[in-house]
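Written below as structure tokens is the structure these notes are about.
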Amino acid sequence: MTEDVQKHSVHTLVFRSLKRTHDMFVADHAKPVSLDETSHKVKMAAKLRADYSAVLHMPVLKEGKDRPLGSNMHGNQNYAQPGDDPEYLITGTHAYPSGPGVALTADTQIHRNPSKGGVHAMALALPPSQARLDASRTAASVGDIHRHAGGAERSPAPHSHAMSLLEGGGTKNSSLVARKAPTMPKPQWHAPWKLFRVISGHLGWVRSIAVEPGNQWFVTGAGDRTIKIWDLASGKLKLSLTGHISTVRGVAVSTRSPYLFSCGEDKQVKCWDLEYNKVIRHYHGHLSAVYDLDLHPTIDVLVTCSRDATARVWDIRSKANVHTLSGHTNTVATVRCQAAEPQIITGSHDSTIRLWDLIAGKTRATLTNHKKSVRALALHPRQYTLASGSADNIKQWTFPDGNFIQNLSGHNAIINAMAVNSDGVLVSGADNGTIHLWDWRTGYNFQRIHAAVQPGSLDSESGIFACMFDHSESRLITAEADKTIKVYKEDDTATEESHPINWKPEILKRKRF
């Protein structure tokens, strides 16, 4: 007969096992591990050097008072010597030798400040660190932007109630100050623009505009497959040109010869002789609709861009296709030329902007910050800068490398056209018929226009497809979806008193991308 085994509760068995384990491995499991004095001193000295080296020279209190960092902490130097009276003592080389390499004398070995306030005042007088400078910075002006151009697209630190310690030595007298929020510089005042004339004549959407160099007339191309030439002063029709078999998407007038260039959805690029009003050259090569074109300002070169995802560079006289600029992965919607590098800029539905080397025919830089199709580009006539328009934002860039300047947010629509004049007025025209006018330097939106559609048109036929300043920059011409051309001019009677800037130094809301 087997003996009865004594039964214990699970609770008892677990704690009996636990006690045996503790007895075996730890004599007293509640006792902390003994402190190794040498290791602790090395650790604290390293921590002081790493974290507090910038303030170790600051004044300290003697024993019995609140002790700041750096005072007699495990092997570190004690700046208050025993036996001195309990005043602030400053020793060492900080600020006291008359120049580099000059040794301290007995007189300068120990300096006493008269009071706690005096020491604190000296701490506040120390040169500010970069952190404090950054904290108090306001939004960058254009001058700042150009001085700091070259960095990647950046945004100010987001506004928060984060507090930063004033660098006064880390003593109990250090005060907390709020970080100053970045603010927008005051924009330049611009007179408001008003509708001056509505010109009718096209039978389809007006898709493109060009003003001739003499500022006497301008050209429009439209969905009715015609090109019309209008008198700029009176708005009267001077001439109609037919030849395209589909929508005319781009027109340009040469400053170097009496030629007009046009392109359209029929894949054709034509050169018109304005002395005979007929086509004298065709430029064959694009595989799909040609959406835009531009003339190089100093050499006889024409650049076109197309739905076939390429831009092509043509020799005007020989009709030769000098370069085919490949790299975009979707429709190239807009192209601009300038005399300086980069000489060609393209915007595409693949949401990128490419800066091209005209000589090599290769991409110099690709700007990938936009998230939506880039349909409009505008080059500043005086500055070495560019604006690009997309449904997500208008962005400004500096040449030659395409460094980001700032976002212009608020035109929440598909932006089809942009123009900028020498006075720093940037115009953006959108698919919904709205026009926004911006101050170029600050990005302040000083006016919004939504002109009524032509009588007989639907409200849905409100849309801006192209806009351009004339050469005097006193008139703004827009091409619209209600088949009209509208001319705007500045309000001559407006003053800064009658139309004050509705501006508040609000916190900047620049997005990173």
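Could you sort out which of Lys236/Lys395; Lys194/Lys278; Lys267/Lys372; Lys267/Lys483 sit more than 29 Å apart by Cα distance in this structure?
In this structure, Lys236/Lys395; Lys194/Lys278 lie more than 29 Å apart at Cα.
Rolling a 1.4 angstrom probe over the protein heavy atoms, how many square angstrom per residue are accessible across segment 393-513?
42
Please work out the average accessible area per residue across segment 213-303, using the 1.4 Å probe convention, and give it in Å².
Using a 1.4 Å probe on heavy atoms only, each residue of segment 213-303 averages 41 Å².
With a point put 7 Å past each Cα toward its Cβ, work out how far Lys319 is from Ile359 in nm, to one decimal.
The modelled label-to-label distance comes out at 3.0 nm.
How would you order 306-314, 324-332 from highest to lowest mean count of nearby Cβ atoms within 10 Å?
Result, highest mean Cβ count within 10 Å first: 306-314, 324-332.
Sort 435-441, 466-472 by packing, meaning the average of other beta carbons within 10 Å per residue, with the highest value first.
Result, highest mean Cβ count within 10 Å first: 435-441, 466-472.
Hey, got the dipole for segment 388-500? About the Cα centre, +1 on K and R Cβ, -1 on D and E Cβ, debye to the nearest 20?
Using Cβ point charges on Lys, Arg, Asp and Glu, segment 388-500 gives about 240 debye.
I need the P(r) histogram for segment 336-461: all alpha carbon pairs, bin width 10 Å from 0 out to the longest distance, whole percents.
Going out from 0 Å in 10 Å bins, segment 336-461 shows 13, 44, 30, 10, 3, 0 percent.
Let me check I have the definition right: for segment 210-339, take the eigenvalues of the Cα gyration tensor, multiply each by 5, take square roots. What are those semi-axes in whole Å, largest first?
Whole-Å semi-axes of the equivalent ellipsoid: 23, 16, 13.
Sorting check: for 38-48, 285-295, which peptide has the highest mean count of neighbouring beta carbons within 10 Å, and how do the rest follow?
Answer by packing, highest mean first, reads 285-295, 38-48.
Relative contact order of segment 419-465: what whole-number percent is it, with Cα pairs under 8 angstrom and at least 6 residues apart?
In percent, rounded to a whole number, it is 35.
Counting only other residues whose beta carbon sits under 13 Å from that of Gln343, what net charge do I get with K and R as +1, D and E as -1?
Neighbour charge sum, excluding Gln343 itself: +1.
Near the amide H of Asn432, under 5 Å away, which other amide H atoms are found, from residues 5 or more places off or on another chain, if H is placed in the peptide plane?
Close amide H contacts, sequence-distant or interchain: Ile414, Ile464.
Hey, any idea what % of segment 330-417's accessible area is carbon plus sulfur with a 1.4 Å probe?
Answer for segment 330-417: carbon and sulfur cover 45 percent of the accessible area.
Tally Lys and Arg at +1 and Asp and Glu at -1 over the other residues with C-beta under 13 Å from the C-beta of Lys43: what net charge comes out?
Around Lys43, the surrounding residues sum to 0.
The values are calculated or read from the model by the stated rules, or taken from the named source; none is laboratory data. All values derive from a computational prediction rather than experimental measurement. Don't worry about glycine lacking a Cβ; one is built from the backbone with ideal geometry, like all the others, and counts go over all protein chains shown. Protein only, heavy atoms only, side chains kept; ligands, DNA and RNA dropped before computing areas. Shrake-Rupley method; radii C 1.70, N 1.55, O 1.52, S 1.80 Å.
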